[in-house]
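Following this message is one structure expressed as structure tokens.
The values are calculated or read from the model by the stated rules, or taken from the named source; none is laboratory data. Fair warning: this is a prediction, and the values are worked out from it, not measured in the lab. Glycine gets a Cβ as well: all are built from the backbone with ideal geometry, and neighbour counts include every protein chain shown.
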Amino acid sequence: MDDFHLLSKETKKISDKIDVIRRNSSELTQTNAEQRLELGNLEKRLSSLFTQMGESMPEIQTDEYIAEINDYLFIDPTQKTDADKAFDLNKVDVIVACIAGGLAVLVDFLIVKVPKDMKFNNSGKSYHHDGSPLTNMFRKIGVDENGNEAKWIQTLEKWFHVNYDKSTGEKGSGMYPKNHRVFSLAHDPSIIGLIWGIRDIACGTFSYIDKSGILHIEKVAPADISKIFYAPVLWLGHIISDIFTSQGIPIPGTCILRTLRIGSLGDKDRTIGEIVEYMYVQGYDLRHLATMSTCRLVIDVVIKLYCFLIAEKKPDNTLPLYEQEYILVKNEEKKRKLMFLAYSIAVAGNIGKVAAYQGNPLAINAAIWYQFAREAISQIVIHTNDNKPYMDAIENRHMIDETFEQLLHSTSCELPEGSGESITP
């Protein structure tokens, strides 16, 4: 811990020194500009004096020469070497990201669609929307030739039977067999569901949130604290067995979103919570989430392949460790920028898809919206994390090295007379 605090103090000192150097550089640049102006005025006055004397002013190097030296000595802090500029997005990178996002939009329209064939009413009109062929294929898993549950599904249900699998609640709760899993907290396939599932199994309870947003915990079986040791396995097995039933399992976080009693959407003025419940009843479950994730798969494959084969710079083991780390960090930043651009196009396309589907909420692609939010956060982290001063310092070092190389190649030094040779660095 002491080492960590020492490192933090040293980091702060380095950052402060960099800021001081930048301020001094800015002040020197300003002073230099003022001196250049004064020299320019002096040159004009000299020219006027020579004119009065009737003589032509000899050629002298003033402003242009000083400007050339200034370009070498005073480096723009935002200027980068060509090698460092390669980590910024170029036209080809943008085109590839647009192609990846565009392909995701096509998959969203042609494959994802909506969970199943349905009629959607909006503004007094009825529209027919075709369901996703891929989701329909997933729905056939666990179903026999007669349309009944396969024996292996029935076996899983027996092995992983839980006490909280209750399909009705108290009168007025709004819960019934078709929507009980979106009401039940333990049926959420996330850390929330795991916690409530363990609690309900060990305590012999059934926990759900009714349509008014009130939490209910019903006693449905004797408590047995020893079940807490195998409750996670029991919970997971039950989730898997329910995935392939006719109604399926809601997507992660649905049990929380359903409690949002805000908004007035659609012809029926539904709240966000009511819209979420409606979407689940209409087939917006884990199987359709798998279908929606194909858009993410398309983007990830295109961008990662492009980065691996073309865009990424491979670190050289002969370089200093800090240079290798710099390359790895800049490669990752570039990949994240490409991902953010691709997902921005994908979510824009999904907005267009929802509009094309007359505002049908089932056309929302939760998978790409979730990943878009993650990529947006990653961009904030990239521009605010503690590594940025170090990256800037390394890039400034590269620029200084390159500038000195240019100076050495543009300046020739001759040895004293009689040496018989000259040196050109």
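Quick one: how many residues across segment 271-318 are part of a loop (DSSP other than H, G, I, E, B) and of a type in the set (Val, Ile, Thr)?
Residues that pass the stated criteria total 2.
Conditions (1) under 30 Å from ARG258 (Cα atoms); (2) buried (at least 16 other Cβ atoms within 10 Å of the Cβ); (3) touching a Cys at 6+ places or on another chain (Cβ under 7 Å), marked per residue:
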site: GLN282; (1), (2), (3): yes, yes, no
site: ARG287; (1), (2), (3): yes, yes, no
site: ARG296; (1), (2), (3): yes, yes, no
site: ILE299; (1), (2), (3): yes, yes, no
site: LEU305; (1), (2), (3): no, no, no
site: GLU312; (1), (2), (3): no, yes, no
site: ASN317; (1), (2), (3): no, no, no
site: PRO320; (1), (2), (3): no, no, no
site: GLU323; (1), (2), (3): no, no, no
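Also, quick follow-up: Restricting the search to segment 279-333, which residues are more than 22 Å from SER344 (Cβ to Cβ), of a type in the set (A, V, I, L, M, F, W, C) and touching a residue at least 24 places away in the same chain (Cβ under 8 Å)?
MET279, VAL281, LEU286, ALA290, VAL329
Out of the residues in segment 360-390 that are part of a helix (DSSP H, G or I) and of a type in the set (S, T, N, Q), which is farthest from MET339 (Cα to Cα)?
THR384
Right, something else. What number of residues within segment 239-286 satisfy the criterion of being under 27 Å from the mean Cα position of the chain (by Cα) and of a type in the set (S, T, N, Q)?
Residues meeting the conditions: 2.
Which residues, counting only those in segment 359-373, are in contact with a Cys (Cβ under 7 Å, 6 or more places away or on another chain) and among the β-branched types (Val, Ile, Thr)?
Passing the criteria: only ILE368.
For (1) of a type outside the set (A, V, I, L, M); (2) assigned to a loop (DSSP other than H, G, I, E, B); (3) on the phi > 0 side of the Ramachandran plot, each residue gets a yes or a no:
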{"position": "TYR208", "(1), (2), (3)": "yes, no, no"}
{"position": "SER212", "(1), (2), (3)": "yes, yes, no"}
{"position": "HIS216", "(1), (2), (3)": "yes, no, no"}
{"position": "HIS238", "(1), (2), (3)": "yes, no, no"}
{"position": "SER241", "(1), (2), (3)": "yes, no, no"}
{"position": "GLY248", "(1), (2), (3)": "yes, yes, yes"}
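Looking only at residues in segment 305-320 that are at pLDDT 85 or above and of a type in the set (A, V, I, L, M), which one is nearest to the chain's Cα centre (by Cα)?
Taking the candidates together, the pick is LEU305.
Considering every residue within segment 199-211, establish whether at least one is touching a residue at least 24 places away in the same chain (Cβ under 8 Å), basic (Lys, Arg), surrounded by 12 or more Cβ atoms within 10 Å (Cβ to Cβ) and in contact with a helix residue (DSSP H, G or I) (Cβ under 9 Å, 6 or more places away or on another chain).
There is at least one residue in segment 199-211 that is touching a residue at least 24 places away in the same chain (Cβ under 8 Å), basic (Lys, Arg), surrounded by 12 or more Cβ atoms within 10 Å (Cβ to Cβ) and in contact with a helix residue (DSSP H, G or I) (Cβ under 9 Å, 6 or more places away or on another chain).
Now, a different point. Filter segment 93-124 down to residues that are free of Cβ contacts under 8 Å to residues at least 60 places away in the same chain and either assigned to a loop (DSSP other than H, G, I, E, B) or over 19 Å from the mean Cα position of the chain (by Cα) (or both), then give me how many there are.
The number of residues fulfilling the criteria is 4.
Here's a check for you: in segment 132-155, which residue that is within 34 Å of the chain's Cα centre (by Cα) and free of Cβ contacts under 8 Å to residues at least 40 places away in the same chain is nearest to PHE244 (Cα to Cα)?
The residue in question is LYS140.
Looking only at segment 243-280, count every residue that is basic (Lys, Arg) and buried (at least 17 other Cβ atoms within 10 Å of the Cβ) and tell me the total.
The qualifying residues number 1.
Next question. With TYR164, TYR127 as the choices, which residue is closer than 13 Å to ASP242 by Cβ and in contact with a strand residue (DSSP E or B) (Cβ under 6 Å, 6 or more places away or on another chain)?
TYR164
Read through the list (1) farther than 13 Å from ARG296 by Cβ; (2) buried (at least 19 other Cβ atoms within 10 Å of the Cβ), then give the number of the only condition that SER378 fails.
(2)
Taking ALA223 as meeting all but one of (1) more than 37 Å from the chain's Cα centre (by Cα); (2) surrounded by 15 or more Cβ atoms within 10 Å (Cβ to Cβ), write down the number of the exception.
(2)
Restrict the check to segment 292-305 and report whether at least one residue is under 19 Å from LYS85 (Cβ atoms) and touching a helix residue (DSSP H, G or I) at 6+ places or on another chain (Cβ under 8 Å).
no
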